[in-house]
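These notes are about the structure you will find just below.
What follows draws every value from the coordinates through simple rules; no lab data is involved. All of these numbers come straight from a predicted model, not from anything done at the bench. For neighbour counting, all protein chains shown are included, and Cβ atoms are generated from backbone atoms with ideal geometry for every residue, glycine included.
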Amino acid sequence: ELTEAYKGWLRYEKIEDQDWMNENGKWLSAIVSSGTCTTVIESAIEELIKAFTNMTGQKPALSDSVQSSYSIVLSKIEEGDDASNELNDDGYIIQAKKTDNGSAVLLAGKTDIGILYASFHLLRLIQTRTNLETVNLRENPTNQLRMINQWDNMDGSIERGYAGESIFYENNQFTNNLERIKDYARLLSSVGINGISINNVNVHAVETKLITNDFLPHVAKVAEIFRGYGIKTFLSVNYASPIQLGDLETADPLDDNVRNWWKEKVKDVYSYIPDFGGFVVKADSEHRPGPFTYGRNHADGSNMLAEALEPFGGIVIWRCFVYNCMQDWRDRKTDRARAAYDHFKPLDGQFHENVILQIKNGPMDFQVREAVSPLFGAMNETNQMLEFQITQEYTGQQKHVCYLIPQWKEILEFETYAKGEGTPIKRIVDGSTFKNRFSGITAVSNIGNDTNWTGHQLAQANLFGFGRLIWNPDLSVEEITNEWIHATFGNDPDVVEQVSIILKDSWPIYENYTSPLGVGWMVNPDHHYGPNVDGYEYSVWGTYHFADCDGIGVDRTVASGTGYTAQYFDENASMYESLDTCPDELLLFFHHVPYTHKLKSGKTVIQHIYDTHFEGVEQAIGLKERWSSLEGKVDQECYQNILDRLTGQIDHAKQWRDIINTYFLRKSGIQDEKNRTIY
Ligand code: GCU
């Protein structure tokens, strides 16, 4: 028996609302599908049958023509139909249409995948108790590539995984639990994800062999499952594969043998997986091999792979996380934040059409708060794709609740001024600003084989919300949150209200008791959990806060610092450059200031640090109180899971508070105005 937590937002709880059932139940008793039954359509039908059966207690009838007065009808929109012009390939309409003796709710798309998405959408409408009588909606995804990156290793571990082991691999083999992979595909597809790379970007020895005959048959099996849900499979590859797999002595991208080697390799891959998506590549980054070894640049490297993939319609997703990770902390000129722009911007226009640059949302590394990457919009002749991190590496590792949709929403809405006003990041990465051939958004997954997938049940909201937000970045945080809560916890208004407050407040709370004002880091090295103010201060990683007895922060100005601010378009460059206009929340990301510097809030930096850290703990206590009020109103296992995590969060928040406050009291010698306990 599957637990409620395992079912996630696809629970399809029995509908107790009699009024709704009286008016709408009749549609849920019959499903009509007249077209060819492809695997994707089969997935749609299977999902609808399972859902209707659970929700109504009765299995719906399935037929290939309309038999009853009320039914759900799956239908294909042909080219030439009026509706066809309004839809892109993944789009769909859901519409109630009167028939002679009743009405049909049409789930119609130009493709099978559109119909599958329509089915999932209908189920969301039901879960939020929408009246089907008048339903009439049209949906097109804003982003073309809507991807997930697994950071799974074949030994079963997951890099930055906080919810158990891999659902894909164990003991350097593929797992046999294909059912679980299918359930993952259902969760992803239900929110519109259409691509997945199934292994870690750090491609170690065993994973390098994923593109060989040893493993391709297994990759093909996984790809088949995902295909049934409209999801294309990608692999992360090792740039040095020609050498690592023992065939060549070089991986120089301009060497003919190397180029041919990749062409043959790609042919092999497509012989197993004809709709294979392509390669994700982390090259010349954190000790991974890449074209630099051969005196070549990232265009040379990615274009070589692009040429091999091109005949099959495959793409190269090339990551921009390239920086010097062997920095000398004494060197104040080198600024890690500058690195991606400095490496890639000069190459604009040199990448093949089927190369996409994958850029992390910020220039550092998924901190609780950091500036947006200045690369967005800066390369108008290059495909760009945004990378978020759903797995909570720096945001509480799924032991703390930290709902990231508000953060991502803010980033997507950020005005770049790339083409003057009206070019927010969401309009860059959806390809509309520069008419890119490929574009989209991806994120590092947060799931593992824990029964509830994400360790902390509330972290499921980040996976769900990611899919919904990138399908349509214009959705509000409230709409997304609301959908998730209804689907996951049902329709009790009190539950809906309390859970939405918990989620909404969680990111600011986490920010309050961790590293202040955008400076980032202050975590323990390696595993990145828990406070350690100087953990990275004298390291090679380029992640410093420069706190001394007078002040703190990284001077990234043109006037006196690393000059990073100049990487933004003028309006933003000057906003960040000046202390008067730099937003408080990023102050220490851009400026080094005295502890006595007054924020726009009127507080000094030091008092802000003390206040937010005391407040953050109180707020964490408040989260637990709020959640406790829901005992008996949500599934007991979920209740306990979240309660336990919130209890742990409080303890750990205190640890953060006391270490940060004590550190800054000792450094600055400035007392807390309110004389609270600092050690
Ligand atoms: C971070 C993370 C690594 C990861 C890297 C990447 O540095 O800590 O585990 O490999 O990002 O995105 O490549």
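Counted by Cβ distance under 15 Å from residue 619, the other residues give a net charge of -2, where Lys and Arg count +1 and Asp and Glu count -1. Entry note, the chain: relative contact order of 12 percent, from Cα contacts under 8 Å with a spacing of 6+ residues.
Applying the Kirkwood pairwise sum to the alpha-carbon positions of the chain produces a hydrodynamic radius of 26.4 angstrom. A straight line joining the Cα centroids of the stretch 586-604 and the stretch 488-527 runs 23 Å.
Beta-bridge orientation, the stretch 73-115: approximately 65 percent antiparallel, per DSSP, counting only bridges with both partners inside. Sorted ascending by nearby beta carbons within 10 Å, beginning with the fewest, 485, 317 become 485, 317. Of the residues 401, 317, 377, the one whose Cα sits farthest towards the positive end of the charge dipole of the chain is 401 (charges of +1 on Lys and Arg Cβ, -1 on Asp and Glu Cβ, taken about the Cα centre). In terms of packing, defined here as the mean over residues of other Cβ atoms within 10 angstrom, the peptides 507-517, 385-395, 19-29 line up highest first as 385-395, 507-517, 19-29.
Sites listed here are trypsin sites (Lys or Arg not before Pro) in the stretch 376-484 whose DSSP assignment is loop and whose Cβ has at most 15 other Cβ atoms within 10 Å: 419, 435, 437. Loop-resident trypsin sites (Lys or Arg not before Pro) (DSSP state other than H, G, I, E or B) in the stretch 203-267 with no more than 14 further Cβ atoms inside 10 Å of their Cβ are absent.
The Cα-based radius of gyration of the stretch 6-86, divided by its Kirkwood radius, gives an Rg/Rh of 1.03. With q set to 0.10, 0.13, 0.17, 0.21 Å⁻¹, the log10 of I(q)/I(0) for the stretch 113-267, from the Debye formula over equal scatterers at the Cα positions, is -0.47, -0.71, -1.02, -1.31. Find the centroid of the Cα atoms in the stretch 1-56 and in the stretch 68-108, then give the distance between the two in whole Å. Comparing the Cα centres of the stretch 1-56 and the stretch 68-108, I get a distance of 18 Å. Neighbour counts of other Cβ atoms within 10 Å put 241, 574 in the fewest-to-most order 574, 241. This ranking places 134, 142 by how few other beta-carbon atoms lie within 10 Å of each, fewest first, which gives 134, 142. For the stretch 170-258, GluC sites (Glu not before Pro) meeting the loop criterion (DSSP other than H, G, I, E, B) and having at most 16 other Cβ atoms within 10 Å: 249. Estimated from helical segments only, the mean residue ellipticity of the chain at 222 nm is -11000 deg cm²/dmol, where each DSSP H run of four or more residues counts as -39500 (n - 2.57). Membrane-span-like helices in the chain, defined here as complete DSSP H runs extending at least 24 Å along the helix axis by their C-alpha atoms with mean Kyte-Doolittle hydropathy no lower than -0.5, are 39-56, 493-513, 605-628; this is a sequence and geometry rule, not a statement about a membrane. Beyond 18 Å in Cα-Cα separation lie the following of the pairs 624/654; 409/624; 50/182; 7/182: 409/624.
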